[in-house]
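S.K.: Take a look at this one; I'll ask things after.
The values are calculated or read from the model by the stated rules, or taken from the named source; none is laboratory data. The structure displayed is predicted, hence computed values, not measured ones. A quick note on method: Cβ atoms are made from the backbone with ideal geometry, for glycine too, and the neighbour counts reach across all protein chains shown.
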Amino acid sequence: MPNVFVGALGGTIAMSSDSSTDPVRPKLGAEDLVSAVPELLEIADIKSKTIKNVASPSIVVDDILAAYRYAIEAVEAGADGVVLTHGTDTLEESAFLLDLIWDREEPLVLTGAMRSPNLLSPDGAGNLMSAVVTAADKRSKSLGVLVVLDEAVHLAKTVAKTNSSSVWTFQSPSWGPVARIVEREIHYCMKPSDRNSSLPLPALGPINIPIIESPFADEGSWVESIASTKPRAIIVSASGAAHLSMAAAEKLEKVIENGIPVIVASRTGSGKTLTRTYGYPGSESWLLEHGFILSGFLTARKARILAHVLISAGYSGGKLKEKIEAYGA
Ligand code: ASP
């Protein structure tokens, strides 16, 4: 039997209420989640631990580093794979942060639930089963961090929560899943040809890298007030393939001249930022000529996590740009 360790961090999968009509709150620990699905023991020997029990908008870098340490200790104690249960709201960011630092070949799998255990047709038990199947399978090795919900297996780098309440919310918009779970078996259809090398653990504490979405008729009136907070970088979720209004682009250029990196992603949620197709002021090629960094395939949310890890590791200037381009490719 493979050994799978399950660490719980909270989220809907662990939420409940006293009556079926009251709003749910974090309640269940790792033991409760595992013992509610005795069929898991037909797949693997399971050990479990509650690491934290909160809704995922309140998860911070320190919690993810605690989960990372739990997973490392699990592997050192003989785990073939590790599952973390997590709220779905920020799961894609936690998974990506872990993926950037996870240097083991054993699979680290995140899962959660969209429907709490007290609703009709809750999805937590099935998702936990699929996650354990994924973590226990040798074919999941060396893929880094995986996200498993709704019988689909996604890479941490490509996955996003795409719907506020549906069970099919986790998708990899530019790519699709790498595997599907059918009858408690994993079926891989695609695997990445390589993986970016792992990065040093980031600093504890706040991230201090704001994300701003550039809207229609953006005059860049937000630029000065954001820059005055002295962020470590600014992420702009821009229209199309990394396109800003001339006004916003020119204001942001001054921010870059003052030493704050500006990283531009596409607000469309899928596809890559372009590099050399459009040439007007504020277009992607203009931004590149004026010192901006483009995030490639990474959404603004993921570019922020990557920037935090890289800046914590001492990257700046051209080296920061090079790394973001490499990890965003
Ligand atoms: N608000 C919950 C959370 O992210 C939603 C969920 O888990 O689905 O913790």
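S.K.: Considering the range 4-49 alone, what residues qualify as being part of a strand (DSSP E or B), surrounded by fewer than 19 Cβ atoms within 10 Å (Cβ to Cβ) and away from the ligand (no atom under 12 Å from the Cβ)?
M.R.: Initial filter on the range 4-49 (part of a strand (DSSP E or B)): 4-10, 15-16, 25-26, 45-49.
Retained after the next criterion (residues that are surrounded by fewer than 19 Cβ atoms within 10 Å (Cβ to Cβ)): 16, 25, 45, 47, 49.
SER16, ASP45, LYS47, LYS49 - these are the residues of the range 4-49 that are part of a strand (DSSP E or B), surrounded by fewer than 19 Cβ atoms within 10 Å (Cβ to Cβ) and away from the ligand (no atom under 12 Å from the Cβ).
S.K.: Restricting to the range 164-177, name every residue that is in contact (Cβ under 8 Å) with a residue 24 or more places away in the chain, within 23 Å of PRO122 (Cα to Cα) and in contact with a strand residue (DSSP E or B) (Cβ under 7 Å, 6 or more places away or on another chain).
M.R.: Within the range 164-177, THR169, PHE170, PRO177 qualify.
S.K.: Quick check on my filter: what residues within the range 50-72 are assigned to a helix (DSSP H, G or I), buried (at least 18 other Cβ atoms within 10 Å of the Cβ) and within 9 Å of the ligand (Cβ to nearest atom)?
M.R.: The answer is SER56, and nothing else.
S.K.: From the list LYS157, LYS161, pick out the single residue that is touching a strand residue (DSSP E or B) at 6+ places or on another chain (Cβ under 7 Å) and of a type in the set (Lys, Arg).
M.R.: It is LYS161.
S.K.: Can you tell me which of PRO206, PRO261, PRO200, PRO231 is surrounded by 19 or more Cβ atoms within 10 Å (Cβ to Cβ) and under 27 Å from ALA313 (Cα atoms)? Can you show your working first?
M.R.: Working: PRO206 fails: surrounded by 19 or more Cβ atoms within 10 Å (Cβ to Cβ); PRO200 fails: surrounded by 19 or more Cβ atoms within 10 Å (Cβ to Cβ); PRO231 fails: surrounded by 19 or more Cβ atoms within 10 Å (Cβ to Cβ).
Sole residue among the options that is surrounded by 19 or more Cβ atoms within 10 Å (Cβ to Cβ) and under 27 Å from ALA313 (Cα atoms): PRO261.
S.K.: Report, by residue number, each residue of the range 87-123 that is touching a residue at least 60 places away in the same chain (Cβ under 8 Å), assigned to a loop (DSSP other than H, G, I, E, B) and within 13 Å of the ligand (Cβ to nearest atom).
M.R.: GLY87, THR88, ASP89, GLY112, ALA113, MET114, ARG115, SER116, PRO117, LEU119
S.K.: Is there a residue being of a type in the set (Ser, Thr, Tyr), at pLDDT 95 or above, crowded, with 23+ Cβ neighbours inside 10 Å and in contact with a strand residue (DSSP E or B) (Cβ under 7 Å, 6 or more places away or on another chain) anywhere in the range 269-283?
M.R.: Yes: the range 269-283 contains one or more residues that are of a type in the set (Ser, Thr, Tyr), at pLDDT 95 or above, crowded, with 23+ Cβ neighbours inside 10 Å and in contact with a strand residue (DSSP E or B) (Cβ under 7 Å, 6 or more places away or on another chain).
S.K.: For the range 98-129, what are the residues that are of a type in the set (A, V, I, L, M, F, W, C), in contact with an Asp or Glu (Cβ under 9 Å, 6 or more places away or on another chain) and surrounded by fewer than 21 Cβ atoms within 10 Å (Cβ to Cβ)?
M.R.: Selection gives ALA125, MET129.
S.K.: Quick one: would you say VAL75 is part of a strand (DSSP E or B), more than 15 Å from the ligand (Cβ to nearest atom) and either over 23 Å from ALA44 (Cα atoms) or free of Cβ contacts under 8 Å to residues at least 60 places away in the same chain (or both)?
M.R.: Details: part of a strand (DSSP E or B): no; more than 15 Å from the ligand (Cβ to nearest atom): yes; either over 23 Å from ALA44 (Cα atoms) or free of Cβ contacts under 8 Å to residues at least 60 places away in the same chain (or both): yes.
No, not satisfied.
S.K.: Name the residues in the range 169-191 that are assigned to a loop (DSSP other than H, G, I, E, B) and either under 17 Å from the mean Cα position of the chain (by Cα) or aliphatic (A, V, I, L, M) (or both), would you?
M.R.: Residues satisfying the conditions are THR169, SER172, PRO173, SER174, TRP175, GLY176, PRO177, VAL178, MET190.
S.K.: Can you pull out the residues in the range 30-60 that are under 29 Å from PRO206 (Cβ atoms) and touching a helix residue (DSSP H, G or I) at 6+ places or on another chain (Cβ under 7 Å)? Reasoning before the result, please.
M.R.: Step one: filter the range 30-60 for residues under 29 Å from PRO206 (Cβ atoms), giving 30, 49-60.
Within the range 30-60, LYS49, THR50, ILE51, LYS52, ASN53, SER56, ILE59 meet the criteria.
S.K.: Looking at VAL182, VAL132, which is the one that is surrounded by 22 or more Cβ atoms within 10 Å (Cβ to Cβ) and aliphatic (A, V, I, L, M)?
M.R.: Unique residue meeting the criteria: VAL132.
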